[in-house]
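Comments concern the structure below.
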Amino acid sequence: MKEKMSAIKILKAIISGDILLLMGVHRLFPYILYVFILGWVSIWMSYKAEQTMTLVERNKKELETLKIHHAQKTCEYVGLDRISTIEAMLEEKGSEVKAPVKPADIIIK
């Protein structure tokens, strides 16, 4: 018959570090190791997911900045698209280039 462990025996096992062997936990070691690995993988995957979400948020902010920059450049381009504006800019710079009065007669390849 299995005898009950006395308090003194348990205390001695705790002090010497043999309590786990006394309780028979060594038979469950593969399962304990499996649970530890599952926990570690879960924590690691959560960390990687958090890093990915941080990167996504950073890229969203950068995308918004680039959209604003693109809108500004498009507005500038539309302003420069008018011939009168271009002619005024050329005159400001002292260029002799003018818009053609009549279309080209000969097109050279």
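All of the numbers you see were taken from the coordinates with simple rules; none came from a lab. The structure presented is a predicted model; accordingly, all values stated were derived computationally and were not measured. Cβ sites come from the backbone with ideal geometry, for glycine too, and all protein chains shown count toward neighbours.
Name the residue from Pro100, Tyr47, Ile15 whose Cα lies farthest towards the positive end of the charge dipole of the chain, charges +1 on Cβ of Lys and Arg and -1 on Cβ of Asp and Glu. In the chain, that residue is Ile15. Once divided by 2.2 N^0.38 Å, the Cα radius of gyration of the chain becomes 3.03. The charge dipole of the stretch 54-94, taken about its Cα centre with unit charges on the Cβ of Lys, Arg, Asp and Glu (plus for the first two, minus for the last two), comes to roughly 300 debye. Taking GluC sites (Glu not before Pro) in DSSP loop conformation with at most 13 other Cβ atoms inside 10 Å as exposed sites, the chain has its longest uninterrupted site-free stretch at 4-95. Here the dipole of the chain is about 980 debye; that uses its Cα centre as origin and unit charges on the Cβ of Lys and Arg (positive) and Asp and Glu (negative).
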